[in-house]
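The values are calculated or read from the model by the stated rules, or taken from the named source; none is laboratory data. What you see is a predicted model, and the numbers here were worked out from it, not measured in a lab. Methodologically, a virtual Cβ is constructed for each residue, glycine included, from the backbone with ideal geometry; neighbour enumeration extends over all protein chains shown. With ligands, DNA and RNA removed, areas are computed over all heavy atoms of the protein, side chains included. Shrake-Rupley method; radii C 1.70, N 1.55, O 1.52, S 1.80 Å.
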Amino acid sequence: MKTLRLKPGKERSMQRRHSWVFESAIARGAADSGETVRVESHDGAFLAWAAFSPISKIRARAWSFVETQRIDAAFFAAVCARAVAARGLFDLQSDGVRVVHGEADGLPGLIVDRYGDTLVAQFLSAGVERWKDVLADALLKATGLTKLYERSDASGREREGLKPVTGWLRGEGPTEITIREHDWKLSLDIATGHKTGFYLDQRDSRQRFAELAKHRRFRRVLNCFCYTGGFTVAALSGLKAAGALEGAELVSVDSSQPALDRARGHLALNGYGGEGSGIKTEFLDANVNTVLREFIEQGRTFDAIVLDPPKFAPTAAHAERAARAYKDINRLALKLLEPGGVLLTFSCSGGISADLFHKIVASAGLDAGVDGYIAERLGAAPDHPMTIEFPEGEYLKGLVVVRKPA
């Protein structure tokens, strides 16, 4: 077994069971891509068994902190079974579920989502790539399913020296799938949709938006970076429950026409829209910043706005530039928000902490001349967990901001 020896003082994070070893922490040692190595402190004490990555700045990712543990097919079968069983601990109102969430489930670099009877996996690190076939079999056994589609086409593979790979890894079937989420239906294509096909992490935030729509009976809703319209459908569900669909106006904005086409389809799939519905809907294929500025010039206002932008800061190194982008869209949105209105604003950037995001939104409000209450903090659904040992798992941050009444 090959060994990595760390520099003095660099063992502390692994002693706290953090799974990453950075290149700068290693005194000596190397291995092949994905090979299991023994990680030791500078004085030779055992720290972990880990997968080596010769190209990534994260040179090793821990599999286990138990010295007697064997890293083999039986190990991965047990870890996958434990991850699947853990989802039963949560009340997940959907048949679209995150089954494996990387480091949080002891499988660094592996993302697996379940859509109905189909698994979709992203193998994003050298370690899980090396064990791909073993993991595929273990996942299917743990879930009792027969189909697994691979979507290993995220940019993170490049940093591991891995080429993008997509296609059926086990079984085959349609890539167009419809899932149930709370009281509505949503469709996706696992071959072409973002990530593994959809953003399951916003499931509970969409439900919260539906509850707010029911309670507040929103009249004018603006959904920015709407993708396939999940928050739009959620708002309509809440308004329907309140008997307040008649006269409602909903505007959905995204720069992807295919996503907007699917968003329109979601309205029909859930029985909204059409002649005589009394609902006014707009789907704008446009730049969100441009649209927000145009609406300000037109004097339009909204009593509910959702800002769910893409990742502006993948790492802390991008935080300063991303902060400016987040501030700008929040400043514009707050100007468009009616007194007493509700803004749901999110950051999915790992390089933006929850504290920094709060400060960005506060600065945006100051520049917009708008004050508001932080009514709630939102995050990823519980099947996308953050663990005690791995705080980097908290990538999705959300705030519910209520503009103070005039």
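A few points about this structure:
- Flag if THR232 is outside any loop (DSSP other than H, G, I, E, B) and open to solvent by 10 Å² or more (accessible area, probe 1.4 Å): no
- If you filter region 270-288 down to residues that are aliphatic (A, V, I, L, M) and at pLDDT 95 or above, you find that the one that is nearest to ILE305 (Cα to Cα) is VAL288.
- Only residues that are touching a residue at least 24 places away in the same chain (Cβ under 8 Å), over 21 Å from LEU200 (Cβ atoms), open to solvent by less than 40 Å² (accessible area, probe 1.4 Å) and not acidic (Asp, Glu) were counted across region 148-178, and they come to 1.
Quick grid of which residues meet (1) closer than 30 Å to GLY96 by Cα; (2) modelled with pLDDT under 90; (3) in contact with a Pro (Cβ under 9 Å, 6 or more places away or on another chain):
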site: PHE302; (1), (2), (3): no, no, no
site: PRO310; (1), (2), (3): yes, yes, no
site: ALA316; (1), (2), (3): no, yes, no
site: ALA323; (1), (2), (3): no, yes, no
site: ASP328; (1), (2), (3): no, no, no
site: ARG331; (1), (2), (3): no, no, no
site: GLY340; (1), (2), (3): no, no, yes
site: VAL361; (1), (2), (3): no, no, no
site: LEU366; (1), (2), (3): no, no, no
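- Residue satisfying all of: in region 360-395; over 22 Å from the mean Cα position of the chain (by Cα) and part of a loop (DSSP other than H, G, I, E, B); surrounded by the most Cβ atoms within 10 Å (Cβ to Cβ) among these: VAL370
- Listed by position, the strands (runs of 3 or more DSSP E) contained in region 235-352 that have at least 2 residues being in contact with a Ser or Thr (Cβ under 6 Å, 6 or more places away or on another chain) are 249-254.
- Scope region 165-192; condition at pLDDT 95 or above and under 25 Å from LYS214 (Cβ atoms); matching residues: THR178, ILE179, ARG180, GLU181, HIS182, TRP184, LYS185, LEU186, SER187
- Filtered residues of region 396-406 (kept if in a loop (DSSP other than H, G, I, E, B), out of contact with any Ser or Thr (no Cβ under 8 Å at 6 or more places or on another chain) and either hydrophobic (A, V, I, L, M, F, W, C) or open to solvent by less than 10 Å² (accessible area, probe 1.4 Å) (or both)): ALA406
- Within region 36-77, the set of residues being part of a loop (DSSP other than H, G, I, E, B), more than 23 Å from GLY9 (Cβ to Cβ) and open to solvent by less than 40 Å² (accessible area, probe 1.4 Å) comprises just one member, ILE71.
- The one condition from (1) in contact with a strand residue (DSSP E or B) (Cβ under 9 Å, 6 or more places away or on another chain); (2) in contact (Cβ under 8 Å) with a residue 60 or more places away in the chain; (3) more than 25 Å from ARG38 (Cβ to Cβ); (4) of a type outside the set (A, V, I, L, M) that LYS141 does not meet is (1).
- Of the numbered criteria (1) touching a strand residue (DSSP E or B) at 6+ places or on another chain (Cβ under 8 Å); (2) open to solvent by 20 Å² or more (accessible area, probe 1.4 Å); (3) assigned to a helix (DSSP H, G or I), the one SER24 fails is (1).
- Verdict on ALA248 being more than 19 Å from PRO309 (Cα to Cα), in contact (Cβ under 8 Å) with a residue 40 or more places away in the chain, in contact with a Leu (Cβ under 6 Å, 6 or more places away or on another chain) and not polar (S, T, N, Q): no
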